[in-house]
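The values are calculated or read from the model by the stated rules, or taken from the named source; none is laboratory data. Everything numeric here is computed off the predicted structure, so don't read it as measured data. Neighbour counts are summed over all protein chains in view; Cβ atoms, including those assigned to glycine, are modelled from backbone coordinates with ideal geometry. Each accessible area value is taken on the protein alone, full model and side chains, heavy atoms only, with ligands, DNA and RNA left out. Shrake-Rupley method; radii C 1.70, N 1.55, O 1.52, S 1.80 Å.
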Amino acid sequence: MRDSFKRFLAISFVLIIAVCAITIADTVGRTLRADLTHEKLYTLSEGTKDIIRAVNQPVTLKLYYARTAALKGPEFLRKYNNYYLYVRDLLREYERLSGGLIRLDVIDPRPDTDEEMDAVRYGLQRYAIGEESFFFGLAVVTEFGQERALPFLTPNRQELIEYEVSSAIYSSTTRTKKRVGILSGPDILGVQMSDYLRKMLEMQGKVPPEPWRLANQLRSLYEIVAIPKDAETIEGIDILLVIHPKALPDPEKTFFAIDQYVMNGGKLIAFVDPYCVVDTVNSIDRSSDMNRLLAVWGCEMKSNAFAADRRYALTIEKKQGESGEVFLPLMGIGPEGMNTEDIITAKAREVRFLFAGGLKVAPPQGVKAETLIATSEKGNYLELNPTDFGMGQIPDGEVFLKRFIEGSEPIVLACKLTGRFASAFPEGLKFKENKGNTKNSSEEIRKGLTEAREETTVIVFSDVDMVNDFVAFQESLFGLYPSADNISILMNAIENLTGSRALMNARSKGKFSRPFTVLDAIEKEAEEKTARQVAAVEGEIARYEVELNKMQGSVTEENAVVLQREVLSKKRELEGNLLAAKRQLRDLNREKRLKIESIVMKLKLINMTVAPSIILFLAGLIYISRFRKRRRFRRMAS
Amino acid sequence: MIGGFSAIAKRELKCYFSTPLAYVILFVFLVFASFLSFKGQFFEIRQADLRIFFDYLPILFIFLVPAIGMRLWAEERKTGTIELLFSLPVTVRGAVLGKFAAAWLFIGLALVFTFPLIVTVNYLGDPDNYVIAAGYAGAFLLAGCYLAVSIFASSLTRNQVIGFIVSVLLCSIFAFADYPSILNVLSTFLPLRAVEIVQNMSFIEHFESMRRGVIEFSDLAYDFILIAGWLAATTVVLDGRREA
């Protein structure tokens with residue numbers, strides 16, 4: 001009895017020492033680690049390290065995670081527990097590298113406490129779990145009272161967390177913000193007001209325009225300067241964004257102002273579009289271009305046509321629950337379409353475009369043109385046929401699929417021009433000056449610079465929708481989140497041109513996704529192979545349906561008896577044809593699916609049988625050799 | 001070298017391949033490992049990594065490792081060979097370590113036989129093979145932890161089935177120590193710091209980083225300390241038996 005008690009004590013002692021040692025190792029050794037991932041996903045980037053080095057005042061990172069609430073929550077919150085540990089460790093790295101200036105506070109806000117009140121005050125999102133509130137957000141608070149918040153941290157955005165934290169630290173500690181001028185056709189800046197006031201106005205039937213999410217993101221990092229559409233001069237800003245330049249009171253005057261801004265060394269990022277789906281200015285003509293200026297500077301947008309590429313075309317859901325259809329105007333350009341040598345696009349994984357135009361790049365002497373994003377070689381233009389868009393409706397994907405013919409060279413969707421540009425207004429601009437009434441108006445020629453004072457950069461994107469919430473963001477359970485790298489590359493471009501490279505390096509963090517390229521390629525190839533057949537069969541189906549409807553419409557009470565037999569037999573024939581065509585279409589789709597399924601089945605079979613077969617084979621071999629040995633031994637013994 | 005370590009390890013390893021049980025365990029493990037991965041939508045998710053395989057591994061180990069570890073001491077005690085073993089010039093520590101090393105290597109071999117999955121992801125895409133290697137290293141250490149617990153359970157009894165059940169139970173507790181439902185129950189009577197310590201004891205939590213491709217000192221320390229702790233406890237139990 002005494003011995004067992006001794007043993008029990010000894011075992012307990014060993015285990016207690018083990019628990020203590022683990023706890024100590026966990027606390028002390030947290031920072032000792034090796035990140036083996038190819039993209040160094042779990043190591044702070046150089047950009048972040050630069051931002052941390054530049055911090056010159058005490059900053060507190062308040063990580064709110066409702067740990068107790070999470071414990072009581074449903075099982076799916078487990079992934080938040082894991083993600084919380086990842087975020088906490090990442091923030092500890094910030095703390096460790098800051099030399100004492102950054103401090104991390106991990107807070108578990110319980111209901112009806114000051115901590116909970118603080119979390120709400122910082123603007124963190126709260127979700128009710130029974131009697132508890134679930135919070136998972138970060139507040140960055142500086143000694144000078146600056147506050148930035150990341151309202152909710154979700155594992156879906158793990159690849160962006162470092163950028164978001166660095167950006168919050170950067171914007172709260174950088175006192176002089178860069179000034180970004182925005183000149184836009186649609187009201188992208190919206191009207192900023194409290195939710196209460198907005199609701200009041202809505203109740204009165206007045207709906208104030210809401211800012212684009214892009215505008216809010218820009219506001220958090222930069223000082224935004226709204227440039228009026230009739231501006232005569234543009235100055236006092238670090239960079240100019242021109243987004244969908246249309247409905248300008250006097251386009252020539254505005255373009256002259258932009259031209260002279262660039263001649264004075266100003267940096268410009270322009271978004272033009274042959275068909276802007278989110279255009280609220282004019283629902284019939286939804287195009288905008290700056291060819292008046294861009295043609296002189298080295299890149300012109302083809303009008304009345306949009307770029308399409310089967311390789312990058314995305315699938316959209318027609319109706320809820322139905323299978324998706326390939327929609328050529330919506331492209332998700334992958335890494336192969338990006339310029340990997342330019343830091344702006346180097347690490348972008350996907351950029352989405354909707355009815356994007358094509359840029360013809362022909363730089364004049366002294367201007368260097370660089371393609372940032374392009375379609376594959378098989379990309380081609382599709383005419384923007386006004387009849388397709390009757391009543392402002394966007395047609396079905398098959399309308400475009402039927403018309404699409406593969407091209408032979410890539411279409412440029414974004415390009416960067418650098419150099420000393422020549423003015424698009426070498427003769428200056430004729431101004432009409434109104435003196436009280438129209439009769440007294442006189443013309444005056446305003447001269448400007450004919451050549452840029454210094455080298456500057458102009459970046460052109462041939463799509464506007466790409467930076468609108470509609471394309472750049474998508475809904476999730478916890479609100480909108482970026483659907484692709486659209487906003488990220490715009491931010492990269494702004495920082496690249498305005499010089500805050502540290503933040504850009506923080507953003508350009510690697511991504512997790514490593515798709516099954518072989519299956520994707522097989523799917524694309526099969527789609528390309530059968531596309532023509534599918535389009536032809538779909539055309540046939542449409543024709544049969546029209547004929548059938550026409551025939552049914554032609555039957556009246558008078559001719560019913562005479563035509564009945566003829567109509568009925570024709571109808572039967574057409575219905576037969578229709579069924580056959582639909583069957584053919586099904587077969588084509590099945591063929592595509594079967595190819596993938598057969599590869600998957602083969603791989604499953606190989607995986608499930610190869611290794612167990614080896615084991616069985618080895619077992620068999622050993623059994624046989626033993627059996628032989630035993631027989632030989634018996635023989636020898638007898 | 002610790003008394004008898006290599007001799008015991010060699011004998012045990014040989015022993016594995018001379019009994020059909022080892023082949024059955026290997027066979028079942030490999031079939032289930034790939035079956036669970038495919039059931040977990042390995043092909044539907046279309047990502048060239050072994051995330052899903054590593055997701056299921058800790059659960060598979062709960063049954064596989066105790067099945068390997070259950071006989072290590074219980075069998076010796078049942079057949080009475082334990083007395084014979086300790087009459088040889090072998091220390092208890094050497095015997096425990098030798099048996100542990102042999103069983104651990106055997107589990108390592110089981111992991112090696114999952115190579116078709118690595119070939120598959122490399123054929124289908126461009127995986128980060130360093131992350132996969134770190135995942136396997138983590139899985140091997142994880143198996144070591146399970147095994148140390150199983151050896152301890154095996155040393156407590158002469159009945160293999162009881163040994164198996166006790167080790168499955170202990171392994172489950174350690175594997176799921178970070179599950180919210182378990183932590184929730186504990187938080188009703190334990191302070192938050194103590195709940196955190198329990199969560200920190202979870203096998204799966206310490207496997208998480210390596211599975212992602214990050215090797216942390218704290219995880220390595222956890223694995224080795226835990227293995228050493230359970231093996232030391234096993235030595236204490238067996239020492240008592242030897243003296244008795």
According to a simple spin-label model (label point 7 Å from Cα along Cα-to-Cβ), what is the distance in nm between B:Lys14 and A:Val399?
8.1 nm
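Under a Cβ-Cβ cut-off of 12 Å, what is the net charge of the residues other than A:Ile596 that fall near it, where Lys and Arg count +1 and Asp and Glu count -1? Walk me through the numbers before you get to the answer.
Working: positive: A:Lys524, A:Arg590, A:Lys592, A:Arg593, A:Lys595, A:Lys602, B:Arg46; negative: A:Asp520, A:Glu523, A:Glu525, A:Glu527, A:Glu591, A:Glu597, B:Glu44.
Around A:Ile596, the charge tally is 0.
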So who's got an amide H within less than 5 Å of the one on A:Arg446, skipping anything under 5 residues away but keeping other chains? H placed 1.01 Å off N, in plane.
A:Leu429, A:Lys430, A:Phe431
Given a cut-off of under 8 Å on Cα pairs at least six residues apart, what relative contact order in percent is computed for segment B:139-244?
36 percent
Mind listing the long-range amide H neighbours of A:Ala149? Cut-off is under 5 Å, sequence gap 5 or more, other chains count too, H placed in the peptide plane at 1.01 Å from N.
A:Val140
Under 17 Å from the Cα of A:Lys592, which aspartates and glutamates turn up, not counting those fewer than eight places away in the same chain?
A:Glu325, A:Asp520, A:Glu523, A:Glu525, A:Glu527, A:Glu528, A:Glu538, B:Glu44
Contact order normalised by length for segment A:347-428, with contacts defined as Cα pairs under 8 Å and 6 or more residues apart; what percent is it?
46 percent
Put +1 on the Cβ of each Lys and Arg and -1 on the Cβ of each Asp and Glu in chain B; which of B:Phe38, B:Leu231, B:Phe189 then has its Cα farthest toward the positive end of the dipole?
B:Leu231
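Explain nothing, just the number: dipole magnitude of the protein assembly as shown about its Cα centre with +1 on each Lys and Arg Cβ and -1 on each Asp and Glu Cβ, in debye rounded to the nearest 20.
Details: 107 positive and 105 negative charges, 936 e Å.
Here the size comes out at about 4500 debye.
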Ranked by accessible surface with a 1.4 Å probe, highest first, in what order do A:Ile129, A:Ile52, A:Ile24 come?
A:Ile24, A:Ile129, A:Ile52
Largest to smallest principal axis extent of the C-alpha atoms in the protein assembly as shown, angstrom:
125, 87, 57
Classify segment B:5-243 as rounded, prolate or oblate from the Cα gyration tensor: take a ≥ b ≥ c as the square roots of its eigenvalues, call it rounded if a/c is under 1.5, otherwise prolate when a/b beats b/c and oblate if not.
oblate
For A:Leu104, enumerate residues with amide H under 5 Å from its amide H, sequence gap 5+ or separate chain, H modeled in the peptide plane.
A:Leu61
Segment A:16-143 - share of DSSP beta bridges that are antiparallel (%, nearest 5)
60 percent
In degrees, nearest ten, helix B:20-39 long axis to first principal axis of chain B (Cα)
20 degrees
Set Lys and Arg Cβ to +1 and Asp and Glu Cβ to -1, take the dipole of the protein assembly as shown about its Cα centre, and tell me which of A:Gly181, A:Asn264, A:Ser408 lies farthest positive.
A:Ser408
With +1 on the Cβ of every Lys and Arg and -1 on the Cβ of every Asp and Glu, the dipole magnitude of segment B:5-243 about its Cα centre, in debye rounded to the nearest 20, is 800 debye
List the pairs from A:Lys40/A:Lys360; A:Lys302/A:Lys368; A:Lys347/A:Lys604; A:Lys267/A:Lys378; A:Lys253/A:Lys302 whose alpha-carbon separation is above 26 Å, in the order I gave them.
A:Lys40/A:Lys360; A:Lys347/A:Lys604; A:Lys267/A:Lys378
Selection from A:Gln158, A:Ser171, A:Thr113 lying farthest towards where the dipole of segment A:45-174 points positive, charges on Cβ
A:Gln158
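At 1.4 Å probe size, with every protein chain present, just tell me what the per residue accessible area of the protein assembly as shown comes to in Å².
Values: 42230 Å² over 882 residues.
That works out to 48 Å² for each residue.
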Could you sort A:39-48, A:352-361, B:59-68 so that the peptide with the highest average Cβ count within 10 Å comes first and the rest follow in order?
A:352-361, B:59-68, A:39-48
For segment A:32-53, which residues drop by 30 square angstrom or more in accessible area between the chain on its own and all protein chains together (1.4 Å probe)?
A:Leu32, A:Arg33, A:Ala34, A:Leu36, A:Thr37, A:Tyr42
What total accessible surface area, summed over both chains, is buried at the interface between chains A and B, computed with a 1.4 Å probe and given in Å² to the nearest 100?
6000 Å²
Calculated Rg and Dmax of segment A:45-174 using C-alpha coordinates, Å
14.4, 43
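For the protein assembly as shown, give the percent of accessible area contributed by carbon and sulfur heavy atoms, probe 1.4 Å, rounded to a whole number.
Numbers: 23960 of 42230 Å².
It is 57 percent, rounded to a whole number.
Just counting partner chain Cβ atoms within 10 Å, what average do the residues of peptide B:110-123 show around their Cβ? Write out the running numbers ahead of the final one.
On the way: counts 2, 0, 1, 5, 2, 4, 8, 3, 0, 4, 5, 3, 0, 5.
Rounded to a whole number, the mean comes out at 3.
How shielded is A:611-623 by partner chains, expressed as the average number of their Cβ atoms within 10 Å of its Cβ atoms? Write out the running numbers ahead of the final one.
On the way: counts 14, 10, 2, 6, 13, 3, 0, 3, 7, 1, 0, 4, 2.
So the per-residue partner count for this stretch is 5.
Report, in debye and to the nearest 20, how large the dipole of segment A:312-389 comes out about its Cα centre when Lys and Arg carry +1 and Asp and Glu carry -1 on their Cβ.
Once rounded to the nearest 20, the dipole reads 140 debye.
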